[in-house]
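Everything on this sheet refers to the single structure shown next.
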Amino acid sequence: MALYEETLTSRILQVVLLVPIISMLAGLYATYQAEEGFEIMLATTVGVAILLLDVMAIRIEIDERELRIRGLLGLMARKTVPIENMASFRVGEGWTSCYGTIHFNLPARGCVTIHQRKGWTVSFTTNNPEEVARVLATLGVPREP
């Protein structure tokens with residue numbers, strides 16, 4: 001059972017990312033009409049569409065064992081951090097105030113940076129940074145000032 005769940009989206013980003021998908025579909029139709037290169041264009045269109053759909057949203061889940069950050073589909077954009085591997089965390093105000101080697105960023109009210117004992121620093125944006133901080137503190141992860 002998850003202690004915290006949130007799905008973060010941005011309408012502007014979704015509209016911006018739909019433009020290349022629609023363009024790829026138009027190109028796919030043109031290659032079908034030309035009867036040349038359709039298979040290559042089909043594979044490229046499917047690959048690009050999957051990648052873009054995956055980065056349109058961020059899903060954050062925290063349970064007793066781990067923090068999971070996933071894209072919309074969870075195929076490409078994904079990171080799991082075990083609670084026992086978290087050395088500390090820091091909460092930032094505004095969605096541009098956090099940094100991390102691995103960064104999941106969409107417009108939001110705040111952000112959280114996770115410093116790991118082993119591995120790269122992970123940061124992500126959230127609309128409820130203090131709720132995330134409360135859950136992490138409850139799980140025994142120390143908060144940085």
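The values are calculated or read from the model by the stated rules, or taken from the named source; none is laboratory data. Since we're looking at a predicted model, the values are computed, not measured. No Cβ is skipped: glycine too gets one built from the backbone with ideal geometry, and neighbour counts run over all protein chains shown. The accessibility values were calculated without ligands, DNA or RNA, using every heavy atom of the protein model including side chains. Shrake-Rupley method; radii C 1.70, N 1.55, O 1.52, S 1.80 Å.
Things to note:
- Under the membrane-span-like helix rule (DSSP H runs whose alpha carbons stretch at least 18 Å along the helix axis, mean Kyte-Doolittle hydropathy 0.0 or higher), the chain yields 11-34, 38-54.
- Sorted largest first by accessible area at a 1.4 angstrom probe radius, with every protein chain in place, the residues T44, T121 fall in the order T44, T121.
- Each Lys or Arg adds one and each Asp or Glu subtracts one; over the other residues with Cβ under 12 Å from the Cβ of P129, this totals 0.
- Alpha-carbon centroid distance for the pair the range 27-95 / the range 124-145, whole angstrom: 24 Å
- With a 1.4 Å probe rolled over the protein heavy atoms of all chains, the accessible area of F104, F89 falls in the order F104, F89, largest first.
- Taking all protein chains as they are arranged and a probe of 1.4 Å, the heavy atoms of T7 leave approximately 90 Å² accessible to solvent.
- Top of Q33, Q14, Q116 by mean-square fluctuation, Gaussian network on the chain, Cα under 10 Å: Q33
- Solvent-accessible surface of the chain, averaged per residue with a 1.4 angstrom probe and all protein chains in place: 57 square angstrom.
- Charging the Cβ of each Asp and Glu at -1 and of each Lys and Arg at +1, and nothing else, the dipole of the chain about its Cα centre rounds to 440 debye.
- For the range 16-145, the alpha-carbon coordinates run over 61, 26, 21 Å along the three principal axes, in decreasing order.
- Directionally averaged projected area (convex hull, Cα atoms, the range 24-73), nm²: 3.9 nm²
- Residue among A57, A49, A30 with the largest mean-square fluctuation in a Gaussian network model of the chain, springs linking Cα atoms under 10 Å: A30
- Among the trypsin sites (Lys or Arg not before Pro) within the range 64-145, those in coil by DSSP and having at most 16 neighbouring Cβ atoms inside 10 Å are R65, R109, R117, K118.
- Global form of the range 54-123, assessed from the alpha-carbon gyration tensor, a/c cut-off 1.5: oblate
- Over the range 64-128, relative contact order from alpha-carbon pairs under 8 Å, at least 6 apart, %: 27 percent
- Computed over protein heavy atoms with a 1.4 angstrom probe, the accessible surface ordering of M86, M76, largest first, is M76, M86.
- Carbon + sulfur, % of accessible area of the range 23-145 - ligands and nucleic acids excluded, 1.4 Å: 58 percent
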